[in-house]
Amino acid sequence: MSDSQAGDLPAIEGGAPVRAERLPFFRPCHGEEEIAAVVETLRSGWLTIGPRTHEFRAAFLDATGLPHGWPLDSCTSGLFLALKVLGIGPGDEVVTTPNTFVSTVNVIHHAGATPVLADIEEETFGLDPERVAAAVTPRTRAVLAVHYGGQPCRIEALRDLADAERLLLVEDAAHAFGAEAGGRPAGSFGEAAAFSFYVTKNLSTGEGGFLTCRDESLEEEIALQSLHGMDQGAWKRYTDRGSWYYEVKRFGYKFNMTDVQAALGLVQLRRAPELLAARTRAAERYLANLAGEEALLLPATRPGARHTWHLFVPRLLAGALRVDRDRFLAALAAENVSPSLHFIPIHHHPAHREYFGDRPPDLPVSERFFKTCFSLPLFPGITDAEVDSACEAVRKLLRHYRR
Ligand SMILES: Cc1ncc(COP(=O)(O)O)c(C=O)c1O
């Protein structure tokens, strides 16, 4: 359908919607191979941590080129465990970004440390190294950097800063499986990095995560603490070589991956190039289709970076439209295109006002970004026609609401 056929009156104001059927924000892309792998795993008798989890561990490290790490039940568990095994706790401050999912900051709280927010920069929407430097105090122990949307933040500069200030650097690589900065993989800059395999992520096991680390001894500690602190996991005890005896060496947690998740992960790892190519193709189609829209700022890729297009996040040019971003998103949904928003800044959440409420942080770039950003549907199975119709809806609204 062309722009003129769709009519110019937005559906939210009584016009005809651009799409007859709703385009969801995300559609899972697990196929017959994943289904077969899960069925085979169920038949194998290994439902929880077992041989497939160990196979997935090796395959993930091989695919990313990262030296050490352990599969877990989520990225959130990985971020928390990273802080624990690095010895971060009460009395310590951890500088992080407001432009993230809440778990990045919740884990700092759960570790007993204090989150400190520094502003983001306008190229990658990750932490601004200069603002991080300004936030460092004698109590700062670590920087927790997020690679937003699938491209690396200014992680090299953050590494330099961490070295100069003797800080630890942890990477929230939830969105960044396969991303690179200057030819180096996301996850290779920090002392530790946590990846997410949540359903919408570029590599998905439904729920799941992975914590990588530089130091081999940390890997042992992560493995130990992810399964109650027991010195040998159940999977070893119930093989022919196993025994009933184990010792609990730490007050550990229950963060292990299961073989069902690992079976999904192994297939997704094999499909990773195909899935990344599909995301990149859709992102490039959005970019070409929306180029030249003056009221829209399109996402850019940092020079030297490999963007994995976890998210496609344009911004509305401030003051260019007669409606604000919230109304624009409601109008887009009425055109049957489901948008999303990444993220509501951390300090806007009621729970987090414990840290920031009575002294709202000075975060002008984050505030500006939040007021204008929105996320368009992007997933490997999205068709060209779906991308085109989403663009048509965006253009229709920009035309109608232009000042
Ligand atoms: C930036 C970021 N960090 C951490 C997480 C948490 O990941 P998980 O759901 O695997 O715990 C997410 C999840 O969406 C995220 O977007």
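The values are calculated or read from the model by the stated rules, or taken from the named source; none is laboratory data. Quick caveat: nothing in here was measured; it's all calculated off a predicted structure. Cβ placement follows ideal geometry from the backbone for every residue including glycine, while neighbour counts extend to all protein chains displayed. Heads up: the accessible areas ignore ligands, DNA and RNA and are worked out on the full protein's heavy atoms, side chains in. Shrake-Rupley method; radii C 1.70, N 1.55, O 1.52, S 1.80 Å.
Things worth noting here:
- Karplus (6.51, -1.76, 1.60) ³J(HN,Hα), θ = phi - 60°, over region 50-57, in Hz, Gly and Pro reported as x: x, x, 5, 5, 5, 5, 5, 4
- Shown for region 315-403: the carbon plus sulfur share of the solvent-accessible area, taken with all protein chains present and a 1.4 angstrom probe, equals 53%.
- Rounded to the nearest 20, the size of the Cβ-charge dipole of region 32-269 about its Cα centre is 760 debye, with Lys and Arg at +1 and Asp and Glu at -1.
- Per residue, in Å², the accessible surface of region 1-157 once ligands and nucleic acids are set aside, probe 1.4 Å: 40
- Segment residue 166-residue 318, length gained on full extension (0.36 nm per residue, minus Cα span): 50.8 nm
- Leading residue at positive end of dipole, region 32-269 (Cβ point charges), from 90, 151, 227: 227
- All aspartates and glutamates inside 15 Å of residue 201 as judged from Cα atoms, apart from same-chain residues fewer than 8 positions distant: 73, 172, 274
- Relative contact order, whole percent, for the chain stands at 24, derived from Cα pairs under 8 Å and 6 or more residues apart.
- Sorted into 10 angstrom bins from 0, the C-alpha pair distances of region 32-269 split as 8, 33, 34, 18, 6, 1 percent.
- Ligands, DNA and RNA excluded, the heavy atoms of residue 228 present near 80 Å² of accessible surface to a 1.4 Å solvent probe.
- Derived scalar couplings between HN and Hα for region 357-362 equal x, 8, 9, x, x, 8 Hz in order, rounded to whole Hz, by the Karplus curve 6.51 cos²θ - 1.76 cosθ + 1.60 (θ = phi - 60°), x for Gly and Pro.
- Inter-label distance, residue 58 to residue 25: 3.9 nm, where each label sits 7 Å from its Cα along the C-beta direction.
- Taken as Cα centroids, region 353-389 and region 207-227 sit 30 Å apart, rounded to the nearest whole angstrom.
- Spin-label pair residue 48/residue 327, simplified geometry with 7 Å Cα→Cβ offset, distance in nm: 5.5
- q = 0.11, 0.14 Å⁻¹, the chain: log10 I(q)/I(0) [Debye, one scatterer per Cα]: -0.83, -1.23
- MRE, 222 nm, helices only [DSSP H, n ≥ 4, -39500 (n - 2.57), over the chain, to nearest 500]: -12000 deg cm²/dmol
- Computed on the Cα atoms alone, the convex hull of region 1-157 gives a volume of 222 cubic angstrom per residue.
- Rounded to the nearest 20 debye, dipole of region 72-202 from Cβ charges on Lys, Arg, Asp, Glu: 400
- Using a Förster distance of 35 Å, the FRET efficiency for residue 388-residue 250 (Cβ separation, nearest 0.05): 0.05
- Counting only residues at least eight positions apart within a chain, or on another chain, the lysines with an alpha carbon under 19 Å from that of residue 84 are 249, 254.
- The order of 316, 287 by accessible area, most exposed first and with a 1.4 Å probe, is 287, 316.
- Relative to the Cα centre, the charge distribution of the chain, modelled as +1 at Lys and Arg Cβ and -1 at Asp and Glu Cβ, gives a dipole magnitude of about 440 debye.
- For peptides 94-103, 13-22, sequence by mean Cβ density within 10 Å, most packed first: 94-103, 13-22
- Cα gyration tensor shape for region 328-367, rounded if a/c is under 1.5, else prolate or oblate: prolate
- Counting charges near residue 96 (Lys, Arg +1; Asp, Glu -1) among other residues having Cβ under 13 Å from its Cβ returns a value of -4.
- Net length gained if the chain between residue 13 and residue 123 were fully extended (0.36 nm per residue, minus Cα distance): 36.1 nm
- Sequentially through region 104-116, phi angles give Karplus couplings (6.51, -1.76, 1.60; θ = phi - 60°) of 4, 8, 4, 5, 5, 4, 5, 6, x, 8, 10, x, 10 Hz, Gly and Pro residues having no value and appearing as x.
- For the set 375, 340, the ranking by accessible area, highest first and with no ligand, DNA or RNA atoms included, is 340, 375 under a 1.4 Å probe.
- Close amide H contacts of residue 168 (hydrogens built in the peptide plane, cut-off under 5 Å, sequence separation of 5 or more or a different chain): 142, 143.
- By the rule of a C-alpha distance below 26 Å, with chain neighbours fewer than 8 residues away ignored, the lysines paired with residue 396 are 371.
- Equivalent ellipsoid of region 257-301: semi-axes from √(5λ) of the C-alpha gyration tensor, largest first, are 34, 11, 6 Å.
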